[in-house]
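Only the coordinates and a few stated rules stand behind these numbers; no lab work does. Predicted model only: the values in this text are computed from it and were never measured. Every residue, glycine as well, gets a Cβ built from its backbone with ideal geometry; the counts of neighbours run over all protein chains shown.
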Amino acid sequence: MSTPTFDEVFRQIRINLTVMGIQKNKPRIGVMFYILYAMTFTMASSEAMFFIVNMAPENFLELTGLAPCMCIGILSLLKIATLARKKETVFSLADKLERLSTENLKDPIKRDIVSPDINMLKTLIKYYFVLNAMLICVYNFSTPFYILYHYLTTNEEIFILPYAIIVPFSIETWPAWIFVYIFSVICGFNCVLFFTVVDTLYFTLTSYVCTIFAVLNNEIICLNQPTGDMLDQIIKKHQNVLELAEDLEDIFTLPNFFNVLVGSVEICALGFNLMIGDWNNVPGCMLFIMSVLIQLFMMSVFGEKLIGASIKVGESAFLCDWYKMNRKTQKVLLMLMIRTRKPTRLTAFKYSVICYEGFTKIISNSWSYFTILRTVYSKEDQ
């Protein structure tokens, strides 16, 4: 299987960014971004208003069922806003990784090292976009079919929307309903476009930084009586990849924080509705909670992968033939091993580390919130 180039992997993300008005060669964010953002913000505000207006003990269960949908809208707005703010850093890091990736693909040995990860990444991005597109299509376009089914079975017209919102006019007529429905559908697609672009960009940039670490690890473990110039190149490459990882942290630390914070609330609300709500809500809640868990788990997988790749630099220095080298070289390798004792990590705004342990912490926090919510609901019920 041939190894795709960085441009081939990054192409779909670049197209989506261009559609949103975030372009590499333009210093400012395009007008299209502000239009799409304003539409999605209006929709999220309408959902939040519905939530606030109907906040009452008797509506508690219904509102927890609606909360995850509102949370996803808010999350997508927060994530894309922080990404747009870091636009220059994103494209600068992408250019650096493209240059390094092109050099790696020219060398057969390096290409064999990075090929499995790059092929897996391309497949992941492809199916991630397809899966989210299918989910939002089902969610948006199931409403007209339900309205038609209800009319055929009861001969009664109902005017419902895919999302629970408040609008400043009545939607009990078909022209008004069609207008609000089309607006809701567009905003739903905007929302999915926002968070899938941020997520796939995170997967891509993190994975390519890991491949740079992997190539460096191979160079270190294959050292045999290195010259001073070879050692200098190794140290420079290590410093360079650490700088790339710092840029990665700078770009995604806030989106990761929003993922952790909002994800915990979503899991809590969905779990509560799953345990307390009607059986009719089970399929939807299960689908929703699985998508949230998969998204958080994939974020943790790539964070853990970066930690492991950075630690292996020190392991490679230990596994090379250092005992055959002179004392100066041994000191350099020792310093390299000491440096890698502190692994490169991605964080959620320093709140938690993005890794498997961080994923379990999210589940633990969600369980704590669920326990509190269950206690409050029991009191209201009594």
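With each run of n ≥ 4 DSSP H residues scored as -39500 (n - 2.57), what mean residue ellipticity at 222 nm is computed for the chain after dividing by its residue count and rounding to the nearest 500 deg cm²/dmol?
Mean residue ellipticity at 222 nm (helix-derived): -29000 deg cm²/dmol.
Which of (i) 26.6, 89; (ii) 21.4, 78; (iii) 24.7, 89 is the computed Rg and Dmax of the Cα atoms in Å for the structure on display?
Of the labelled values, this structure produces (iii).
Sort R85, R327 so the one with the fewest other Cβ atoms within 10 Å of its own Cβ comes first.
The order, fewest Cβ neighbours first, is R327, R85.
Could you derive backbone 3J(HN,Hα) for region 295-309 from the dihedral phi with the Karplus parameters 6.51, -1.76 and 1.60 (θ = phi - 60°), listing whole Hz in sequence and x where the residue is Gly or Pro?
4, 5, 5, 5, 4, 5, 4, 6, x, 5, 5, 5, 4, x, 5
Using 1/(1 + (r/R0)^6) with R0 = 35 angstrom and r between the beta carbons of I372 and I160, what's the FRET efficiency to the nearest 0.05?
Calculated transfer efficiency: 0.65.
If R₀ is 56 angstrom, what is the calculated FRET efficiency for the pair N59 and Y356, using the beta carbon separation as r and rounding to 0.05?
With a Förster radius of 56 Å, E is 0.90.
Please give the Cα centre distance for region 319-382 versus region 204-269, rounded to the nearest Å.
Value for the Cα centre distance between the two parts: 14 Å.
Which entries of K79/K106; K79/K312; K26/K350; K26/K79; K79/K350 show an alpha-carbon separation above 24 angstrom in the structure shown?
K79/K106; K79/K312; K26/K350
Using the count of nearby Cβ atoms within 10 Å as a rough guide to exposure, how do F33, F194 rank from fewest to most?
F33, F194
Per-residue counts of other Cβ atoms within 10 Å, averaged by peptide: what ranking do you get for 255-263, 292-300, 110-118, highest first?
Per-residue Cβ counts within 10 Å, averaged per peptide and sorted highest first, yield 255-263, 292-300, 110-118.
Based on C-alpha coordinates, I'd like the Rg and Dmax of region 157-264, in Å.
25.1, 82
For S291, what charge total do you get from the other residues with a beta carbon under 12 Å from its beta carbon, if Lys and Arg give +1 and Asp and Glu give -1?
-2
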